[in-house]
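Derivation of every value follows stated rules applied to the coordinates shown; laboratory data play no part. Fair warning: this is a prediction, and the values are worked out from it, not measured in the lab. Counting neighbours? That spans all protein chains shown, and the Cβs are built from the backbone with ideal geometry, glycine included.
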Amino acid sequence: MSLVKTINLNSMFNYDSQSLKLFTKEIVNKIKELVGDKEYVIMEFCGTHTHEISRYALRSILPKNLELRSGPGCPVCVTSEEDIDYIINLVLENDLGVITFGDIINVPGSVASLSYLRAMGKDVKVVYNPMESIKIAESNPNKNYVLVGIGFETTVPMLAHTLINIKQKRLKNLFYLSLHKLTPPATMVLLDSNEVKLDGIIGPGHVSTIIGSKAWEDIAYKYRIPFVIMGFEPQDMLFGIYVLLEKIINKEYGVWNTYLRSVRYEGNKKALELIFKVFRISSANWRGLGVIPNSGLELNNEFKEYDAKLRFPLTKEIKVKKTACRCGDVLRGVIKPYECPLFAKACKPSSPKGPCMVSSEGSCAAYYLYEMN
Amino acid sequence: MCLGVPLKIIKIIDQNNAVAELGYGNTLNINISLTPEAKEGDYVMVHAGFSISILNTQDAIDLLQVIQELKNDNMKFHQTN
Amino acid sequence: MEKLILLSYGSGGELMRELIEKDYLKYLSNPILDELLDSAVFELSGKLAFTTDSYVITPIFFKGGDIGSLSVYGTANDLAVVGAQPLFISLSFIIEEGLPIKDLHKILESISKAAKEINVNVVTGDTKVVEKNKGDKIFINTSGIGVIKSNRDWRNREINIDDVIIVSGDIGEHGLYIMLERLGMKTDEIVKSDMGYVGDFVLPLLDNFKGIKFVRDATRGGVATVLNEIAHKYNVEIEIEEDLVPTKDWVLQASEILGIDPLYSANEGKVVIVADKSQAQDILNFLKNFELSYNATIIGKIISTQKPRVYLLTKIGTKRILESLKGDILPRIC
């Protein structure tokens with residue numbers, strides 16, 4: 001029996017600002033009615049939701065007793081200290097170039113960040129499209145490069161496509177470090193830990209586009225919790241939160257898909273096929289959550305020759321330096337960003353102490369940029 | 001590469017490539033291998049240069065309709081399956 | 001074989017002399033420069049404005065201009081926004097060896113055209129050549145001098161509650177366009193830099209309206225950063241509305257694809273103005289007469305003089321903080 005129901009809200013095209021404001025007013029009133037004076041906690045597992053919730057200041061209009069907590073939804077943020085240090089050591093110990101995309105270069109490791117190494121003269125490049133790594137490797141055939149693969153299920157198909165091209169071209173100097181992670185296992189670990197009592201879950205819109213709304217059924221059933229998949233426009237999120245509350249109050253559990261325009265029950269089969277042409281499921285080390293079995297992706301046998309960890313094993317064990325950064329606790333929803341003693345003092349976007357402040361999808365960055373009043 | 005962005009396909013080049021409209025006649029080449037059924041005129045969700053879904057607006061309820069139902073305290077969820 | 005700039009061009013010898021006398025003077029000649037002394041010598045009186053800038057943009061040629069015209073307009077803009085009529089500019093080139101001479105000629109021509117258009121003279125300069133990979137094609141450093149007529153000097157005017165915030169036109173074009181260029185995305189003729197000389201409308205505006213309290217061009221860091229600078233300098237709270245900020249459709253699309261908010265994207269032909277509310281409508285009507293400011297719009301106002309803060313009213317009616325640009329989102333764009 002499918003636990004997934006769909007509610008189709010067409011909010012794709014730009015609505016005029018008057019309609020948006022009217023809708024916001026009406027739905028927030030309804031939400032307030034539903035919430036009453038009880039307390040509820042709902043969590044989102046997608047960095048873009050984290051960012052948009054803050055960008056549209058949703059917490060400022062929703063009742064205070066409805067708490068929106070951010071979970072581990074930011075791929076850069078959940079990269080473990082050991083993995084960051086591995087990449088730093090990779091560059092320090094070998095004469096190779098590192099190619100990444102996104103914010104990871106500003107994440108501080110025990111010794112330094114990649115951007116610091118770049119300033120020191122090390123070969124660290126940021127690309128916007130992973131396919132550019134092929135051009136870089138081809139134009140410098142005598143140098144080795146490692147492409148750092150970060151991202152959840154939404155981004156993995158693009159990297160799989162890149163790796164297939166790397167293999168087709170028989171490149172001998174471009175290797176891959178897979179730091180990819182899968183969202184559902186992390187969700188389960190969080191629900192198992194019971195550190196934060198969750199009443200409902202805001203389901204990620206584009207991860208679900210790839211893995212399908214069905215991917216959440218087992219979790220909703222096992223933990224008897226309502227799960228509402230929603231899109232990223234503010235009206236998508238407000239509507240979705242309203243539906244989620246309705247389910248919480250009626251004590252219903254299951255999966256509701258309000259992002260039907262993009263998310264299908266089975267997800268994107270082609271994307272999933274492409275992922276498994278190149279990767280297979282493995283365990284992964286999550287900042288804040290530890291090692292979770294079956295929660296990551298590693299290169300499968302056909303692509304093992306490109307595995308950076310095999311080609312460049314570490315010569316010495318990494319001792320991760322303990323810092324005061326509490327990103328791990330923020331990621332589990334145990335503390336809010338402003339409850340970290342470093343927040344907005346020693347730790348700001350211009351001088352981040354951890355990935356939650358570095359990444360544009362990080363919870364600390366979102367709070368700092370948008371919610372400081 | 002961040003948020004996905006909805007773009008309209010204005011030309012299919014082959015089974016893997018299409019041209020999407022960026023507004024004012026500007027275009028972006030996108031990879032459509034993950035959405036092989038995409039046709040000219042379809043809107044697709046594009047992430048990192050790939051379309052990850054064809055945007056379906058069939059039988060969708062309109063925001064304005066929702067506003068009405070909220071005001072009249074008559075919120076139907078238009079549930080399917 | 002294509003003629004290239006070699007290291008020897010920068011050493012001050014024969015090649016350098018030829019470069020100056022044949023090429024620079026050909027494009028930039030004026031009585032002061034023609035003297036070719038170690039310093040430009042001239043007489044000036046009055047209140048002077050003096051600015052300096054460096055241009056490291058890549059790509060060096062782009063739609064709407066190149067690094068040469070950018071260096072002229074950019075320098076002149078810095079002068080115009082403080083009420084100065086730009087008069088003299090210095091140009092220092094740091095050229096990476098291997099730059100094709102024809103590229104240098106293109107840049108010189110572009111500088112010449114821009115300078116003539118806005119009636120400034122390049123009166124002195126310098127050229128150095130660095131080894132391959134120690135530069136990036138060409139860097140240009142400028143300085144500029146202008147004269148401020150007293151009626152245009154807005155510096156001592158007080159900013160009050162209810163003063164309006166005006167932007168002189170559609171925002172975010174230069175920064176986002178350069179990003180698209182750098183990513184190799186094809187764009188049509190609508191998509192280009194907004195580079196232009198703002199003095200054309202700023203100086204007449206200052207002549208006609210005593211209620212102009214502050215003007216700044218919104219280059220690196222965009223409008224959001226300028227608003228934060230105003231807030232901190234004057235200790236005021238500013239509120240702007242998302243719905244009112246004028247943005248072209250292609251800029252909105254590009255911003256969604258690249259994940260960059262247009263409020264943080266650089267402009268090279270736009271200014272932020274703080275003005276007296278009572279003169280606001282007349283100011284807008286006045287600005288409509290100029291090509292670069294035809295779409296000038298009020299986007300917000302000063303709401304208090306208690307503390308330095310900038311707020312944004314979102315399209316759904318909520319209010320949040322608008323911070324200045326943090327960190328390094330954009331590559332070299334000006």
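For C:M185, A:M237, what ranking results if the residue with the fewest other Cβ atoms within 10 Å of its Cβ goes first?
Taking fewest neighbouring Cβ atoms as first place, the list is C:M185, A:M237.
Would you calculate the volume per residue, in Å³, of the smallest convex hull containing every Cα atom of region A:102-244?
On the way: hull volume 22.1 nm³, N = 143.
Dividing the Cα hull volume of region A:102-244 by its residues yields 154 Å³.
Need the C-alpha centroid separation for region C:152-206 versus region A:273-301, integer Å.
Taking the Cα centre of region A:273-301 as reference, the centre of region C:152-206 is 47 Å away.
In region A:147-238, which GluC sites (Glu not before Pro) are in a loop and have at most 13 other Cβ atoms within 10 Å, using DSSP for the loop call?
Passing sites in region A:147-238 are A:E195.
How many lysine pairs in region C:164-321, separated by 8 or more positions in sequence or lying on different chains, have Cα atoms less than 16 Å apart?
Lysine pair count for region C:164-321: 12.
Measure off 7 Å from each Cα along the Cα-to-Cβ vector at C:K63 and B:L64, then give the distance between these two points in nanometres to one decimal.
Label at C:K63, label at B:L64, 3.5 nm between them.
For chain A, what does the helix formula give at 222 nm: sum of -39500 (n - 2.57) over DSSP H segments with n ≥ 4, over the residue count, nearest 500 deg cm²/dmol?
Theoretical 222 nm ellipticity from helices: -11000 deg cm²/dmol.
Report the charge-dipole magnitude of chain C in Debye, nearest 20, computed about the Cα centre from +1 at each Lys and Arg Cβ and -1 at each Asp and Glu Cβ.
Magnitude of the dipole: close to 540 debye.
Assuming 0.36 nm per residue, please report the length gained on full extension of the stretch A:K345 to A:M372 beyond their Cα-Cα distance.
Gain on extension, A:K345 to A:M372, equals 8.5 nm.
Under the √(5λ) rule applied to the eigenvalues of the Cα gyration tensor, what semi-axes describe the equivalent ellipsoid of region B:5-71? Give them in Å, descending.
In descending order the semi-axes read 28, 13, 10 Å.
Where nothing but the Cβ of Lys and Arg (+1) and of Asp and Glu (-1) is charged, how large is the charge dipole of the protein assembly as shown around its Cα centre, in debye to the nearest 20? Kindly include the intermediate steps, with their values, before the conclusion.
On the way: 89 positive and 96 negative charges, 327 e Å.
Its charge dipole is roughly 1580 debye.
What is the Cα convex hull volume of region C:135-186 when expressed per residue in Å³?
Numbers: hull volume 10.5 nm³, N = 52.
About 203 Å³ per residue, rounded to a whole number.
Taking A:K336 as the anchor, which aspartates and glutamates have their alpha carbon closer than 18 Å to its alpha carbon, excluding any fewer than eight residues away along the same chain?
A:K336 reaches A:E39, A:E44, A:E52, A:E67, A:E195, A:D199, A:E361, A:E371.
Principal axis lengths of region A:177-237 from Cα atoms, whole Å, largest first?
37, 29, 20
Using a 10 Å cut-off around each Cβ, can you sort C:F286, A:F45 from fewest to most neighbouring Cβ atoms?
Neighbour counts put them in this order, fewest first: C:F286, A:F45.
If R₀ is 56 angstrom, what is the calculated FRET efficiency for the pair C:K277 and A:E317, using the beta carbon separation as r and rounding to 0.05?
After rounding, the FRET efficiency stands at 0.25.
Would you work out the Kirkwood radius for region C:194-334? I mean one over the mean of 1/r across all pairs of different Cα atoms, in Å.
Averaging 1/r across every pair of different Cα atoms and inverting gives 15.8 Å.
Which shape class, rounded, prolate or oblate, goes with chain A when its Cα gyration tensor gives a ≥ b ≥ c as root eigenvalues, a/c under 1.5 marks rounded, and past that a/b bigger than b/c marks prolate?
In terms of gyration-tensor shape, prolate.
If region A:327-370 were replaced by its equivalent ellipsoid, with semi-axes equal to the square roots of 5 times the Cα gyration tensor eigenvalues, what would those be, largest first, whole Å?
14, 11, 9
Percent relative contact order of chain A, based on C-alpha pairs within less than 8 angstrom and at least six residues apart? Show your work: numbers first, answer last.
Details: 698 pairs, mean separation 90.5, N = 373.
Relative contact order here is 24 percent.
Just want the ordering: C:V164, A:V127, from fewest to most Cβ atoms lying within 10 Å of their own Cβ.
Ranking C:V164, A:V127 by Cβ neighbours within 10 Å, fewest first, gives A:V127, C:V164.
Calculate one ³J(HN,Hα) per residue across region B:7-13 by plugging θ = phi - 60° into the Karplus curve 6.51 cos²θ - 1.76 cosθ + 1.60, and present them in order as whole Hz with x for glycine and proline.
10, 9, 7, 10, 7, 8, 8
When only DSSP loop residues count, what chymotrypsin sites (Phe, Trp or Tyr not before Pro) in region C:30-82 have their Cβ near at most 14 other Cβ atoms within 10 Å?
C:F42
With bins 10 Å wide starting at 0, give me the P(r) of the protein assembly as shown over every alpha carbon pair, in whole percents.
In whole percents, the pair-distance histogram is 2, 12, 21, 24, 20, 13, 6, 2, 0, 0.
Measuring from the lowest to the highest alpha carbon on each principal axis, how far does chain C reach, largest first, in angstroms?
Largest to smallest, the principal-axis extents are 65, 49, 33 Å.
DSSP loop (so not H, G, I, E, B), at most 12 other Cβ within 10 Å: list which trypsin sites (Lys or Arg not before Pro) in region A:324-373 pass both filters. Don't skip to the end; give the middle numbers.
Working: sites: A:R326, A:R332, A:K345, A:K353; in loops: A:R326, A:R332, A:K345, A:K353.
Listed in order of number, the matching sites are A:K345.
To the nearest 20 debye, what is the magnitude of the charge dipole of region C:7-152 about its Cα centre, counting +1 on the Cβ of each Lys and Arg and -1 on the Cβ of each Asp and Glu?
500
Which ³J(HN,Hα) values, rounded to whole Hz and listed in residue order, are derived for region C:300-308 from phi using the Karplus coefficients 6.51, -1.76 and 1.60 in 6.51 cos²θ - 1.76 cosθ + 1.60 with θ = phi - 60°, glycine and proline given as x?
Working through the residues one at a time gives x, 7, 7, 10, 6, 10, 8, 7, x Hz.
A:V124's amide H: which non-local residues (gap 5+, or another chain) put their own amide H closer than 5 Å, with H modeled 1.01 Å from N in plane and none for Pro or chain starts?
The answer is A:V98.
If the convex hull of the alpha-carbon atoms of region C:7-152 is projected onto planes in all directions, what is the mean projected area in square nanometres?
8.6
Quickly work out the B:K8-to-C:D136 label distance, labels modelled 7 Å from Cα along the C-beta direction, and quote it in nm with one decimal.
Label-label distance for C:D136 and B:K8, simple model: 3.7 nm.
Is it possible to state the helix-based mean residue ellipticity at 222 nm for chain C, with each DSSP H run of 4+ residues giving -39500 (n - 2.57), the sum divided by total residues, to the nearest 500 deg cm²/dmol? What is it?
Helices in chain C give a 222 nm mean residue ellipticity of -8500 deg cm²/dmol.
Rounding to the nearest 10 and keeping the result within 0 to 90°, find how far the Cα-based axis of helix C:101-118 lies from the longest principal axis of chain C.
With both axes taken from Cα atoms, the answer is about 50 degrees.
Hey, can you grab everything whose amide H is under 5 Å from the amide H of C:K319? Only 5+ residues off in sequence or another chain; H modelled, so Pro and N-termini drop out.
Distant-sequence amide H within range of C:K319: C:T314.
Any of A:K125/A:K322; C:K26/C:K137; B:K11/C:K63; A:K167/A:K214 with alpha carbons more than 30 Å apart? Name them for me.
Where the Cα-Cα span goes over 30 Å, the pairs concerned are A:K167/A:K214.
Using modelled backbone amide H atoms (1.01 Å from N, in-plane), which distant-in-sequence or interchain residues come within less than 5 Å of C:D261's amide H?
Long-range HN contacts for C:D261: none found.
Could you give me the ³J(HN,Hα) list for region A:262-271, computed from phi with Karplus coefficients 6.51, -1.76, 1.60 and θ = phi - 60°, whole Hz, x at Gly and Pro?
Ordered by residue, 3J(HN,Hα) equals 10, 9, 10, 4, 8, x, 9, 4, 4, 5 Hz.
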